[in-house]
Amino acid sequence: MKKYLSFCIAAVLAAGCFAACASGNSVSDAGGKPEDTDRLQIVTTIFPEYDWVMNILGDNPADAEVTMLLDSGVDLHSYQPSAQDILKISTCDVFVYVGGESDAWVEDALAEAENKEMTVVNLLETLGSSVKEEEVVEGMQAEDEHGEEGEAEEEGPEYDEHVWLSLRNAEVLTDAIAEAIEAADPGNATIYGENAAAYTSKLKALDIEYEQAVDESAVHTLLFGDRFPFRYMTDDYGLDYYAAFVGCSAETEASFETITFLADKVNELGLHAVMTIEGTDHRIAETIVQNTETKDQEILTMDSMQSTTAGDVADGADYLSIMKENLAVLKKALK
């Protein structure tokens, strides 16, 4: 499969190069107009990376073009790059991606990239030993894992990719991205460094707010009737959790045993809320509530920023404001 993907990527790049030679320019995603190839090109996969880059650029002294590949609400775990996406990566100056199992396609895209001097930031590699393996906690419904065409899956750790949901990780990653941009545009390095420092100070301040909120709360356990992508956050502040599925799960239906276990935990711990992540399908959380003794728990939603769109960005969505909204929800859940 990897050889096939590599061949497809090489074919796409070859076709792109031929088209570019024939026309004398490439086509921008922004509106079908020829790109200025001298502009700094930065490509990110997901929204948090994009927003960190925009804060580092500030007034954008180099007039950099910044692309967010997953801009239509598609989930990181099911994303497949288009030919245009691969071409964008091939010629960019800075490429930022998560680096987990969901990004397995990136290795071949980078191997075939036209710009061999590209600076690449892999979030998981940047965080190193801080990256956590996915864990199946008590009561959580594990996924059935089957290899392609009946083959057994290769053994190996599966890492939790949702590193952006820790403000402390965000500080480290912002600094790493700033260094990459400074290397690509050394003439404006001082500006980028100052912007990154100002932004990380805001991240630190919000981190303190989270810590104070947890310290002052009566409850220290969250229960998700959903996938659970917030492990990095809960570990930062010493919170316990229960959930229906791991963060990267593709499951959508919970078993009777899972529902019963989670409803019993709500009763045992006296929880006043059942949590979900963004999306319109909250049936599992609703079913858990209906199986508790009091059946009056509030269903609260935290935004994991896995489905943020270009439209949301245009409407003013940014990482810090979403994390502040998540803090407000967290306070309600822990009261």
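Results, tabulated for the structure shown:
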item	result
Matching residues in the stretch 196-243 - criterion: being part of a loop (DSSP other than H, G, I, E, B) and of a type in the set (Asp, Glu)	GLU216
GLU268 being exposed (fewer than 14 other Cβ atoms within 10 Å of the Cβ) and either closer than 15 Å to TYR242 by Cα or in the same structural domain as ALA170 (by TED's automatic domain parsing) (or both)	yes
Residue list for the stretch 282-334, filter: within 15 Å of VAL266 (Cβ to Cβ), assigned to a loop (DSSP other than H, G, I, E, B) and outside the structural domain of HIS272 (by TED's automatic domain parsing)	LEU334
Matching residues, the stretch 260-281, being farther than 15 Å from ARG227 by Cβ and assigned to a helix (DSSP H, G or I)	THR260, PHE261, ALA263, ASP264, LYS265, VAL266, ASN267, GLU268, LEU269
Top-ranked residue of the stretch 76-114 - restricted to ones that are assigned to a loop (DSSP other than H, G, I, E, B) and loosely packed, with under 15 Cβ neighbours inside 10 Å, ranked as farthest from the chain's Cα centre (by Cα)	GLU114
Condition met for ILE177 (within 22 Å of the chain's Cα centre (by Cα), in contact (Cβ under 8 Å) with a residue 24 or more places away in the chain and outside the structural domain of ALA244 (by TED's automatic domain parsing))	yes
Residues of the stretch 160-195 satisfying the condition of being within 24 Å of ALA273 (Cβ to Cβ) and in a helix (DSSP H, G or I)	TRP164, LEU165, LEU167
Number of the exception - THR190 against (1) surrounded by 15 or more Cβ atoms within 10 Å (Cβ to Cβ); (2) assigned by TED's automatic domain parsing to the domain that holds THR119	(1)
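The values are calculated or read from the model by the stated rules, or taken from the named source; none is laboratory data. For clarity, every value in this text was computed on a predicted model and none was experimentally measured. Note that each Cβ is placed from the backbone with ideal geometry, even for glycine, and that neighbours are counted across all protein chains shown.
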